[in-house]
């Protein structure tokens, strides 16, 4: 019930901002959720025994998301991470600290940069990318619980099954192609199918990657701020992978398919 209640608040708010809100509202939402998720990532890094990026990591991430020339900023973020790593008391932790700093900024805010640029192409493409995760996660949860027998990645996430993963892809493809048919009518259905399948599979990979980080840290959820969903990073882990993949496909392949 808590999971449903949280979804009933988050989903309409997200849909409104993505489809009907002004551009600044989307940037504000991405920045806020990014900061909240980064704080949880920061905690996970600390629980893994890695020097925590802290607020400098948030500033670096916002620069990645908002700067007019993101390529240059990404290079500067990596260099800044190396410099900040020199502050650690034990220099054997310097490399891990620098890596965690750069990874967090690019992993979370780099994905949100892709979300902003995908929205600029067509806001329905961003909704398409988010929908793949929503539909896929729901199908995976119910099918996995009812029929799941074969573990997908037992060492990383024991509750996930191949049956649930297949159901996620099917649900994502159905939801994505139906959405594209009605709201992106100029899109070739072949491309919509490819984008939906690739985005959903990427989202499942993102879920597993976050699970691996949490398992290494010995924590079940990234946080407790979203009843029934864990933390913000738990809620967006799939989108952090699906959105960049859909963005790349739309930007580079849509014109030729």
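The values are calculated or read from the model by the stated rules, or taken from the named source; none is laboratory data. Note that this is a predicted model, so its numbers are computed, not measured. Cβ atoms come from the backbone with ideal geometry, glycine included; neighbour counts cover every protein chain shown.
Observations on the structure shown:
- Residue check for residue 142: farther than 29 Å from residue 45 by Cβ, modelled with pLDDT of 95 or more, more than 18 Å from the chain's Cα centre (by Cα) and surrounded by fewer than 23 Cβ atoms within 10 Å (Cβ to Cβ): no
- Test: residue 249 is more than 15 Å from residue 34 (Cα to Cα), touching a residue at least 24 places away in the same chain (Cβ under 8 Å), out of contact with any helix residue (DSSP H, G or I) (no Cβ under 9 Å at 6 or more places or on another chain) and surrounded by 15 or more Cβ atoms within 10 Å (Cβ to Cβ): no
- Each residue in the stretch 118-151 was checked for being in contact (Cβ under 8 Å) with a residue 12 or more places away in the chain, more than 18 Å from residue 199 (Cβ to Cβ) and not in a helix (DSSP H, G or I), and 3 of them qualify.
- Residue 87 being more than 30 Å from residue 142 (Cα to Cα), part of a loop (DSSP other than H, G, I, E, B) and within 21 Å of the chain's Cα centre (by Cα): no
- Filter result for residue 170 (in contact (Cβ under 8 Å) with a residue 24 or more places away in the chain, surrounded by fewer than 20 Cβ atoms within 10 Å (Cβ to Cβ) and part of a helix (DSSP H, G or I)): yes
- Filter result for residue 165 (in contact with a strand residue (DSSP E or B) (Cβ under 8 Å, 6 or more places away or on another chain), closer than 30 Å to residue 49 by Cα and buried (at least 16 other Cβ atoms within 10 Å of the Cβ)): no
- Those helices (runs of 4 or more DSSP H) of the stretch 184-257 in which at least 3 residues are closer than 18 Å to residue 6 by Cβ and at pLDDT below 95, considering only elements entirely within it, cover 232-236.
- The residues of the stretch 20-32 that are surrounded by 13 or more Cβ atoms within 10 Å (Cβ to Cβ) and out of contact with any helix residue (DSSP H, G or I) (no Cβ under 6 Å at 6 or more places or on another chain), listed by number, are 21, 27, 28, 31.
- Just one of the listed residues (94, 100) is over 30 Å from residue 199 (Cβ atoms), part of a helix (DSSP H, G or I) and touching a helix residue (DSSP H, G or I) at 6+ places or on another chain (Cβ under 7 Å), namely 94.
- Within the stretch 43-57, being in a helix (DSSP H, G or I) and surrounded by fewer than 21 Cβ atoms within 10 Å (Cβ to Cβ) holds for 43, 46, 47, 54, 55, 56.
- Selection within the stretch 83-122 - modelled with pLDDT under 80 and buried (at least 16 other Cβ atoms within 10 Å of the Cβ): 84, 85, 88
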